[in-house]
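The values are calculated or read from the model by the stated rules, or taken from the named source; none is laboratory data. Note that this is a predicted model, so its numbers are computed, not measured. As a convention, Cβ positions derive from the backbone with ideal geometry for all residues, glycine included, and neighbour counts pool all protein chains shown.
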Amino acid sequence: MSEGQPDRLPDEHAALDAVSADLRAFAAETPPMPPELITRLDLALEAERTRVHPATVPVSRETSRRRWPRLVLAFTTGIVVLAGVSVGVSALWRGQSADESDSASNPGNADNPELAAPDSASDENSFGAETDEGPKTTDKSSAEIYYSGRDYSRTTLPEVGTSSTVNSSVDTDLKRLSSDETALGACFTAIETRYPGDVAVADFAYFEGAPSIVVRVSQVDGGQRLVAVGADCGLTGADELYATAA
Amino acid sequence: MAPVSNFDEVDDGELLRRHLVGDHEAFGELFRRHRERLWAVALRTLGHPEDAADALQDAMISAYRAAGRFRGDSAVTTWLHRIVVNACLDRVRRNKVRAAQPLPEGGPEPVSSEGDPSKVATNMAVAEALDALPFDQRAALVLVDMMGYPVSETGRILEVPEGTVKSRCARGRTRLAELLGHLRNPDADPVVPSTSPQRADRTRGESGT
């Protein structure tokens, strides 16, 4: 009889033993971890390992090796925008000097509080000033940040980064992320931990009515993934609302 | 501390300690040792490979970050299992909140179509029936009946008394027996259509039981 089985009638015993036998047989058919999952976990662990170690002091700027964002913070409610134009209002600069990095495979500290504003952002409160040039990118690879305010659905998610819809404000629920580069960096890190790769595009918007940042991730395996995350992104995880392969 | 490449003689607790003092390889080795069993727990508890993969990754990162809070009250492997089960529970809750949304990819774990057709059908029925159980019963059955862990160990993983594990298992088995048709006719082949979980549910509903 199965462990943890109270007294029962003989028929019930037989039935419950049959259940246990079914479960054992089912367990015997458990497939091993898929190789791609092993790779994914290894990558996630490597990313975590280089982010922060539980027993170490905070990583200094000099020792941080991650390309992490130098983000134009600069979103101020009410400012904006060029109607009818897709506006990339800021960029995540993956700048780092060559001497900072001893390994290309070794990302840095997303939680680094010393993230700097972009070199070109002379006025961090006027991100709109950059919009006439569209989303800013650099040759060091950058994420394009949009504030479309669009309400994406599962079918329109692939259009992230192409929308011409412009909204003049970010939903209140997303202000934590739009106004704090560290918070947004942590959010991107959470997304990239789940889907190893780089956030290439992010749009402060809605997903099926919920305040959301919709991102496109360029994955290390060459694929792309579209992810809608909620307002709690970066707090305890990505707060994923929806994800799909692009 | 310099990384140690050969961990053969190093126990789990020592790996965790080394991780905490900066051995960058130690946690990876610790997780590698147990990941297949942790994967099995996640997969059988959640039923969906994509969800199981997400839960396992969440658990791994949680364990990595929380290593300093491990007090040694239980075995390291027990602690890892507990984190995985909690990650599975988090995912179940998340999926409930977003029940209207489909999974990112795929659906329930595809049961292998190779081998004895009746065995395949039984496994499909068992998978569906397990999915119909409340999480606490499913987790207990996965750990006790499927993974073969003792009730005492399962109690430590789930952080509940042994009696609770037993009652969860008992209730879960009873429910599965109903869903799989064993309880009405213990000798019946559970793979015949009339004993599929959905069919069994309908039958009960029609009979008013």
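One line per residue, one yes/no per condition, for (1) within 17 Å of the chain's Cα centre (by Cα); (2) facing chain A (nearest Cβ under 7 Å); (3) surrounded by 16 or more Cβ atoms within 10 Å (Cβ to Cβ); (4) modelled with pLDDT under 95:
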site	(1), (2), (3), (4)
B:Pro3	no, no, no, yes
B:Asp8	no, no, no, yes
B:Val21	no, yes, no, yes
B:Ala26	no, no, yes, yes
B:His34	yes, no, yes, no
B:Glu50	yes, no, yes, yes
B:Asp58	yes, yes, yes, yes
B:Phe70	no, no, yes, yes
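Of the residues making up the stretch A:199-232, just one is under 21 Å from A:Leu41 (Cβ atoms), crowded, with 21+ Cβ neighbours inside 10 Å and away from chain B (no Cβ under 14 Å), namely A:Val199.
The residues of the stretch B:143-154 that are in contact (Cβ under 8 Å) with a residue 24 or more places away in the chain and facing chain A (nearest Cβ under 8 Å), listed by number, are B:Val144, B:Asp145, B:Met146, B:Met147.
Only one of the numbered conditions (1) of a type in the set (A, V, I, L, M, F, W, C); (2) in contact (Cβ under 8 Å) with a residue 60 or more places away in the chain; (3) within 10 Å of chain A (Cβ to nearest Cβ) is violated by B:Ala75, and that is (3).
Of all residues assigned to the stretch B:81-101, none qualifies as being farther than 15 Å from B:Leu158 by Cα, polar (S, T, N, Q) and modelled with pLDDT of 90 or more.
Output the residues belonging to the stretch B:133-166 that are assigned to a loop (DSSP other than H, G, I, E, B) and either touching a strand residue (DSSP E or B) at 6+ places or on another chain (Cβ under 9 Å) or on the phi < 0 side of the Ramachandran plot (or both). Break it down into steps so the answer makes sense when it comes.
First, pick out the residues of the stretch B:133-166 that are assigned to a loop (DSSP other than H, G, I, E, B): B:133-134, B:147-150, B:159-161.
Answer for the stretch B:133-166, where residues must be assigned to a loop (DSSP other than H, G, I, E, B) and either touching a strand residue (DSSP E or B) at 6+ places or on another chain (Cβ under 9 Å) or on the phi < 0 side of the Ramachandran plot (or both): B:Leu133, B:Pro134, B:Met147, B:Tyr149, B:Pro150, B:Val160, B:Pro161.
Of all the criteria given as (1) at pLDDT 90 or above; (2) out of contact with any Asp or Glu (no Cβ under 7 Å at 6 or more places or on another chain), the one not satisfied by B:Gly155 is (2).
Scanning the stretch A:233-246 for residues that are surrounded by 24 or more Cβ atoms within 10 Å (Cβ to Cβ) and more than 10 Å from chain B (Cβ to nearest Cβ), we see that the one that is modelled with the lowest pLDDT is A:Gly234.
Here's the yes/no breakdown for (1) at pLDDT 90 or above; (2) crowded, with 21+ Cβ neighbours inside 10 Å; (3) more than 7 Å from chain B (Cβ to nearest Cβ); (4) in a loop (DSSP other than H, G, I, E, B):
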residue: A:Leu23; (1), (2), (3), (4): yes, yes, no, no
residue: A:Pro31; (1), (2), (3), (4): yes, no, yes, yes
residue: A:Glu36; (1), (2), (3), (4): yes, no, yes, no
residue: A:Leu41; (1), (2), (3), (4): yes, yes, no, no
residue: A:Leu45; (1), (2), (3), (4): no, no, no, no
residue: A:Pro69; (1), (2), (3), (4): no, yes, yes, yes
residue: A:Leu73; (1), (2), (3), (4): no, no, yes, yes
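In the stretch A:167-176 there is no residue that is at pLDDT below 90 and within 25 Å of A:Leu45 (Cα to Cα).
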